[in-house]
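Everything on this sheet refers to the single structure shown next.
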Amino acid sequence: MTRIIAGFAGSQTLAVPRSGTRPTSDRVREAIFSALEARDAIAGARVLDLYAGSGALGLEAASRGAAEIVLVERAKPAADICRRNAEGVRRAAPRGTAPIIRVAQRSVAAFLEPGAAPGPWHLVFIDPPYELGESELARELAALAPALADDALVIVERSARSPEPSWPEEIDLERRRDYGETTLWWAVPADHPARPSQPE
């Protein structure tokens with residue numbers, strides 16, 4: 001069972017597509033959001049959740065204070081579930097404080113075409129199917145780069161057996177974190193003012 005972990009919609013159950021998606025585990029989501037809150041990276045942020053599935057990552061950000069969230073999901077059954085989950089999160093928000101949540105039912109490549117995904121985005125989750133090719137992921141990262149805010153964070157979830165993504169020159173790797181079979185790659189714009197001199 002997938003639930004919102006914390007925030008105004010904490011403990012709310014999320015519907016999950018019956019097939020075709022791989023929800024991020026509660027353990028990994030909790031690690032992601034603990035780190036994001038420690039950096040004060042959620043409150044008021046514009047969030048992009050690519051390959052959204054159930055929308056769990058983007059909606060967790062919504063529950064914790066993000067201002068605007070777009071869930072990008074190509075498959076109609078999953079996009080419909082994203083809409084249902086998003087409505088539940090909106091209903092849970094205190095009066096007058098509901099975040100803007102939109103579902104874009106299209107491919108990630110189409111969403112990231114020039115002019116189609118107006119930024120700036122402060123926080124981007126990319127959790128593609130593990131079978132997505134590395135070259136396709138590299139093209140999507142390159143298309144995303146111009147739409148990032150100066151202080152943006154990009155979090156890519158991949159199999160621990162997958163190689164490091166091929167970052168465009170506009171994006172720098174910040175750190176790698178492994179959780180069993182899952183690896184998280186944290187990245188920032190190349191001119192990010194607070195980036196470390198080398199990955200942790």
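The values are calculated or read from the model by the stated rules, or taken from the named source; none is laboratory data. Since this is a predicted model, take the numbers as computed values, not measurements. Cβ sites come from the backbone with ideal geometry, for glycine too, and all protein chains shown count toward neighbours. The protein model used for the area step is the full one, side chains on, heavy atoms only, and it has no ligands, DNA or RNA in it. Shrake-Rupley method; radii C 1.70, N 1.55, O 1.52, S 1.80 Å.
On a per residue basis, the chain carries 47 Å² of accessible surface, using protein heavy atoms and a 1.4 Å probe.
Take every DSSP beta bridge whose two residues both sit in region 1-130; close to 10 percent of them are antiparallel. The chymotrypsin sites (Phe, Trp or Tyr not before Pro) of region 81-151 that DSSP puts in a loop, and whose beta carbon has at most 16 other beta carbons within 10 Å, are Tyr130. Inter-part distance, region 52-68 to region 132-175, computed on C-alpha centroids, equals 20 Å.
Per the Cα gyration tensor, region 21-169 maps to an equivalent ellipsoid with semi-axes of 22, 17, 16 Å, ordered largest to smallest. Between Ala6 and Ser135, the FRET efficiency estimated from the beta carbon spacing at R0 = 45 angstrom works out to 0.80.
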